[in-house]
Amino acid sequence: MMIICLLIVRRMRKIKKIMKKKKVTIANTKKEKEEEAAALEQQDQQQQNSIDDDTNSSNPTMKINIAAVQSAMKNMRLKNPMLSAKLDAKLQQRTQAQAQAQQNDANDIDNAIPASITKIFSKDECNDPDDAINSSNINQTVVLSRSATLMAAMERIFPVSKCSSTSSTTTLTKAKLPNKHVRIHIIGCDHVECSSKETMQELFMPFIQWMYMYYNCNRGGGEGVVELMDLELIGPGVPTKVSKVHSLDRSPIEVVVEPSNADSSSNHRTPSPQALRTRISCTTDTYEDYLTRRNDNASGRKQQHIMPTLIIAFNAGIWGYNSWLPTISHIASLRQAVPFVVTAYTKLEAEEDEDVILNHLQCLELGGALLWEPEVNFYRCRKQRETKSAVAGRVYNENGAWQCWNLGGSCVSLKH
C-alpha cells in the first residue's frame, strides 16, 4: 500500500511539473505575440510617417496609380456632372487668381507689353450684352492674344533689364538673343493666321512694334539688338493660294519699324536710330519638311544661321493628334537647343500636351527640359470659345494656357 501511495505522489509531482512547463510556454507564446503585434504596429506607424514626409517633401517618393485616379475621375464626371462642373468652376477661379497674382508681380518690372494693352487683358469675359466697353476689350483680345503671348514669351526667355543706377546702358540678362537676326517659327498654322495678307498683318503687327520698342529702343545709350526678324508661319493647313504669294523665297510681307512709326504708347519712349526690318511669310509644309528643305539648301555655317530663335504652336492640341510626334522628334534632334512654346485652350489640355511630349521624348531618349510648366496664360483671348464637345462648366479660350520646353542641342536625354 505504501508503495502504491509513493507511486501516486511521484505521478502527481510529474503532472505538476508538466503543467508548470505548459503554463510557462503559454505565457511565453502570449508574450511573443504581444511583442510581435507591438513591433508590427510600430512598423506601420513608421511607414505612415514616411509617407507623410514624402508627401510633404519637394521630391515625393510615394507611388500613385495615375491610371486608376484618371479612371475614377472619369467615372465621377459621368455619374455626377453637376459636381464635376462645380469642381471645374473652382479650378477656373483658382487659375485666374494665380494669373492675376503673376500679373501683379509683372507690374513691378519694366514690361515689354504696353500698360494699355495689359489693361485690356485684365478684363474677364463679358456676360452683360449692354456692357459695350468690356465687350470691345474682349473683342480686342481676339486679335491681340497671339502677339501678346509671343512678346511675353520673348521677354520671359530673353529679358532685357535696366542696369544699376551707376550705369547708363541697357543689357541682356539670362539668355541672350543669339544674333541680330531673330527667327520666329510659328508652327501648326492654318487659315486662322494666314487667310490673307491683311490677317497676318493684323495679328502680328503689334508683336513687331513691341519687339522694336523692347529690344531696339534706347533707354540710356544702348544700341538696338535686332536688325532683321523673320516671322515664318508654317503648317499644312495654310491656304495654298496665300503661301504661293507670300513664301519667304518669293514675296514675303515686309514691314520696317523706325522711330517715326513706332508705337508712342509704349513704356519705352526714347527710340534708338536702329530700325527693325521684318519679313512675314507662310508655307504649307509640315515643320519637319520645311526644316529639311531649308537645310538642304544651306550648308555649314549658313545652316546655323537659319536656326530658329523661338518656336511656338498656338492651340496645338498635341494630346489629340499623333501628327505632332514627328515634329517634336525633329525639333528635339536639332543641333542647337531651341525654346518651344505650346499653348492650349485650357490648363488641363496643356497638362495633357505635356504628358504626350514627355512620354515621346522618353521613348526616343531625346533631349529636353521644361522652361516653365503648364500654367494659365495671362494674355489668353478673353472671348470664350464655343466647343461642341466641351465639358459642362469648363471654359475654353484661345491660348488659355501655355508651357515652354527647351528641345534639341545639348539637352540631357530623357529616359523612363
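Checked against (1) open to solvent by less than 40 Å² (accessible area, probe 1.4 Å); (2) within 19 Å of VAL192 (Cβ to Cβ), LYS383 meets all criteria but (1).
When you look at VAL391, is it in the same structural domain as SER333 (by the TED database), in contact with a strand residue (DSSP E or B) (Cβ under 9 Å, 6 or more places away or on another chain), in contact (Cβ under 8 Å) with a residue 60 or more places away in the chain and among the β-branched types (Val, Ile, Thr), yes or no? First the steps, then the outcome.
Details: in the same structural domain as SER333 (by the TED database): yes; in contact with a strand residue (DSSP E or B) (Cβ under 9 Å, 6 or more places away or on another chain): no; in contact (Cβ under 8 Å) with a residue 60 or more places away in the chain: yes; among the β-branched types (Val, Ile, Thr): yes.
No; evaluated as a whole, the condition is false for this residue.
Looking only at residues that are at pLDDT 90 or above and open to solvent by 10 Å² or more (accessible area, probe 1.4 Å) in segment 224-241, which one is farthest from ILE187 (Cα to Cα)? The extreme case among them is GLU227.
Among the residues examined, THR292 qualifies as more than 23 Å from ILE157 (Cα to Cα), of a type in the set (S, T, N, Q) and assigned to a helix (DSSP H, G or I). Going by the conditions given, is SER122 modelled with pLDDT of 65 or more and open to solvent by 40 Å² or more (accessible area, probe 1.4 Å)? Here the answer is yes, as SER122 does meet what is asked. Here the condition is being open to solvent by less than 40 Å² (accessible area, probe 1.4 Å) and not charged (D, E, K, R); of GLY368, GLY320, GLY393, it holds for GLY368 alone.
Residue-by-condition table, conditions (1) in the same structural domain as THR343 (by the TED database); (2) of a type in the set (Phe, Trp, Tyr); (3) modelled with pLDDT under 85; (4) open to solvent by less than 30 Å² (accessible area, probe 1.4 Å):
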position	(1), (2), (3), (4)
THR278	no, no, no, yes
THR286	no, no, no, no
ARG294	no, no, yes, no
ALA298	no, no, yes, yes
ARG301	no, no, yes, no
GLN304	no, no, yes, no
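Filtering segment 364-416 to residues that are in a loop (DSSP other than H, G, I, E, B), among the acidic types (Asp, Glu) and within 22 Å of SER329 (Cβ to Cβ) leaves only GLU365.
Under 24 Å from ARG250 (Cβ atoms) and either in a helix (DSSP H, G or I) or modelled with pLDDT of 90 or more (or both) - does that describe any residue in segment 213-223? Within segment 213-223, not a single residue is under 24 Å from ARG250 (Cβ atoms) and either in a helix (DSSP H, G or I) or modelled with pLDDT of 90 or more (or both).
One residue is enough: does segment 368-385 have a residue meeting the conditions of a type in the set (S, T, N, Q) and closer than 29 Å to VAL142 by Cβ?
At the first step, the residues of segment 368-385 found to be of a type in the set (S, T, N, Q) are 377, 384.
Keeping just the survivors that are closer than 29 Å to VAL142 by Cβ gives 377, 384.
For segment 368-385, residues of a type in the set (S, T, N, Q) and closer than 29 Å to VAL142 by Cβ: present.
Residues in segment 127-138: is at least one under 23 Å from the mean Cα position of the chain (by Cα) and at pLDDT 85 or above? No, the conditions are met nowhere in segment 127-138.
The values are calculated or read from the model by the stated rules, or taken from the named source; none is laboratory data. Predicted model, so just to flag it, every value in this text is computed and none were measured. Glycine also receives a Cβ, built like all others from the backbone with ideal geometry; neighbour counts cover every protein chain displayed. Surface accessibility is based on the protein's heavy atoms, side chains included, excluding ligands, DNA and RNA. Shrake-Rupley method; radii C 1.70, N 1.55, O 1.52, S 1.80 Å.
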